[in-house]
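Below: one structure, written as structure tokens.
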Amino acid sequence: MTARKGSVLRNPWGKPRFLPLVTALYVLWSIIPVAIAVQFSFNAGRSRSVWQGFSTRWYVGDPAAAESVLYDPTLLSSLMQSLKLAILTMLVATPLGVALAVGLARWRGLLAKPSNFLMLFPLVTPEIVMGVALFLVFDNLYDFVPFGTVAQFLGHVTFSISFVVIIVRGRLFAIGRDYEEAAMDLGASQFEAMRRVLLPLLAPALLASFAMVFAISIDDFVISQFLIAGADSITIPVQLYSGARLAPPPSLNALATILMVVTIAAIAVAGLVFRALGKRRGESGSALESVAGFEM
Amino acid sequence: MPTNLASGAEYDTVGSKRWVWPGFAVPGIVWLLLLFLVPFYAIFAVAMGQVDPILQRVNPEWNPIYWAPEVFADAFADLFGGQLGVIALRTIAYVFIASLLCVIVGYPVAYFVSRKAGRWRWLWLLLILAPFWINYLMRMMSWVNLLSPDGQVNRWLATIAGWFSVAFTPPDWLAGSHLVVILGLVYGYIPFFILPLFASLDRIDNATLEASRDLGASPLNTFWRVTWPLSRNGVLGGLVIIMLPMFGDYYTPNLLSGSPRTTMYGNTIDQFINQTTSQGALGAALTIILMIFVAGLMAYYLITINRATRAGRE
């Protein structure tokens, strides 16, 4: 103990050796299990623990056997359901969230504060609470909303809106109002100024929001599961959840790998667009942005 | 100032009509009212409903004047002295131990990547961010795979036992082990702890630490009296971020054990809502109890942060 303390004192800014070791072990521990799961999605055999050579049979193989993601109706349907929900959610939540962000940033009325509060609330609500809430309201009050795709879509949009607002708001504060006011000084109307000045300036945040909403929607498990109607509305995460303990073939790993690739692609697009097109300012250290994957 | 527009009551900020900005906010606000606030209220309406004397099911009561506490009485009876109490205590113990492990493992990692990683910092950062981009269920499924009776973990252990010619009976890791569930929680949530902590450690000015060293403090002393206090809010923030979902988690214990020995609070809610048709009211009551508990945690966090910022300003 004293020996190590002594050595640290001799070189106070040197890197203590145990820190990189702990970090390296942590990184290995966090990545290796997933890497093994990905590896076995390419297994030539049926086992998920004995390697029998490389093959893509669990992705695209053999229509007759119907065991690959492409030809197993259950797996393919969950992939389609996930994509369908993510695209619909993206198309609806992003415009709603962008408009809400613009409105909340500039509205100075009596109800502005409570509205802002309402917007922040979904972000701190545990998912299980939101799942229960949506399930109960569709079960007891909005009985005209069928469980399954419609209910899942409504739920996904609800938890996505606030993320969009957070992303767009940072950008809005960075832009300020000067450019729009200049446009209006030069004779543009309110809406012309918005369309021709604000909207182009917001474009990076907008594109990032699209990709981000796609990613968090396709990643969602709890809301999708609470609002499920039957086999048709099973999404990939729900399929992983219900299939994992039933000694599944590697096609489940293949499905998970596809989800991972799609998510990483969406987040990479969001991150790259956000970095390339706009300098980020605004809320520094916002945990939400960090969680969303922008703290790079 | 646009000269063609009069300033005055009709306009709030420069040149914009009064209704414009609330107009933008309205669709989103209405959506959140109808699909967040009303559903939130629905939990209370269902939990406080009256038990139908004939059908023996609970009818939701939308008017607070007629709210009945019967279901809550049942839930509380079970919580204080029933099976639910055991489950709640187990959940608190799991979450507490898992959070502690997250701090013990996560702090050195966040500290290293934020302050000591040097030239390869971006790579380390990418690596600790990687779990964010991988679905939680996939990460759990990977462990189910590794820990299954004929999975890699048992194969590796058998190999190691073979080297020392020790007899090895493969244990069933997924049959209700507390340790496996707790480690699963740590595995699942630790990235969400590390990232806010990383951000807060990253903000500490090196000059502060140099000042401490110049004034004669040892590195350990500097860490204990400067770095740690400055990162305490990051630790607290990270803890809130991971504890909130952990208290409502049901999928982790279900996947990694599925045994009643490891049932968590979220599992009972999941059972009452998703797996039965008649116990919705009890599920709603348990959800409200969870919300109150979690809101207490949040309040503690906000008060602490608030006090720290105020103390920092003085």
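Here, each number is a calculation from the coordinates, and none is a lab measurement. The model shown is predicted, which means the values in this text are computed figures rather than measured ones. FYI the Cβ positions are ideal-geometry reconstructions off the backbone, even for glycines, and counts take in every protein chain you see.
Summary of computed values
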{"item": "Under DSSP loop assignment and at most 12 Cβ neighbours within 10 Å, longest chymotrypsin sites (Phe, Trp or Tyr not before Pro)-free interval of chain A", "result": "A:145-296"}
{"item": "Top positive-direction residue, dipole computed over chain A with Cβ charges, set A:P20, A:F147, A:S217", "result": "A:P20"}
{"item": "Dipole magnitude of the protein assembly as shown about its Cα centre (Cβ charges: Lys, Arg +1; Asp, Glu -1), debye to nearest 20", "result": "2400"}
{"item": "Anisotropy class of chain A from Cα gyration tensor, a/c 1.5 cut", "result": "oblate"}
{"item": "CD proxy at 222 nm, helix term only [per DSSP H run n ≥ 4: -39500 (n - 2.57); per residue of chain B; nearest 500]", "result": "-20500 deg cm²/dmol"}
{"item": "Relative contact order %, chain B, counting alpha carbon pairs below 8 Å whose residues are six or more apart", "result": "21"}
{"item": "Shape box of the stretch A:15-55 [Cα atoms, principal axes, largest first, Å]", "result": "45, 13, 12"}
{"item": "Projected label distance in nm at B:R232 and A:R108, using a 7 Å step from Cα toward the beta-carbon", "result": "3.9"}
{"item": "Cβ-Cβ FRET estimate between B:R57 and B:N274, R0 fixed at 22 Å, reported to 0.05", "result": "0.85"}
{"item": "Translational diffusion coefficient (Stokes-Einstein; Kirkwood radius from C-alpha pairs) of chain B at 10 °C, 1.306 mPa s, in µm²/s", "result": "66"}
{"item": "Relative packing of peptides B:109-117, B:32-40 - highest average C-beta neighbours within 10 Å first", "result": "B:109-117, B:32-40"}
{"item": "Partner chain coverage, peptide B:262-275 - average Cβ within 10 angstrom", "result": "2"}
{"item": "Relative packing of peptides B:165-173, B:251-259 - highest average C-beta neighbours within 10 Å first", "result": "B:251-259, B:165-173"}
{"item": "Student exercise, the stretch A:15-92 dipole from Lys, Arg, Asp, Glu Cβ charges, in Debye to nearest 20", "result": "400"}
{"item": "Relative contact order for the stretch A:15-55, counting Cα pairs under 8 Å that sit 6 or more residues apart, in percent", "result": "23"}
{"item": "Cα centre as origin, Lys/Arg/Asp/Glu Cβ charges: chain B dipole, Debye", "result": "1080"}
{"item": "Chain A: DSSP helices with Cα axial extent of at least 18 Å and average Kyte-Doolittle hydropathy no lower than -1.0", "result": "A:18-41, A:73-106, A:112-124, A:127-140, A:149-175, A:199-219, A:251-277"}
{"item": "Packing-based order for B:239-245, B:47-53, A:110-116, using average beta carbon neighbours within 10 Å, highest first", "result": "B:239-245, B:47-53, A:110-116"}
{"item": "Inter-chain shielding of A:99-105 (mean C-beta neighbours from other protein chains, 10 Å cut-off)", "result": "6"}
{"item": "Rel. contact order, % - alpha carbon contacts under 8 angstrom, at least six apart, chain A", "result": "26"}
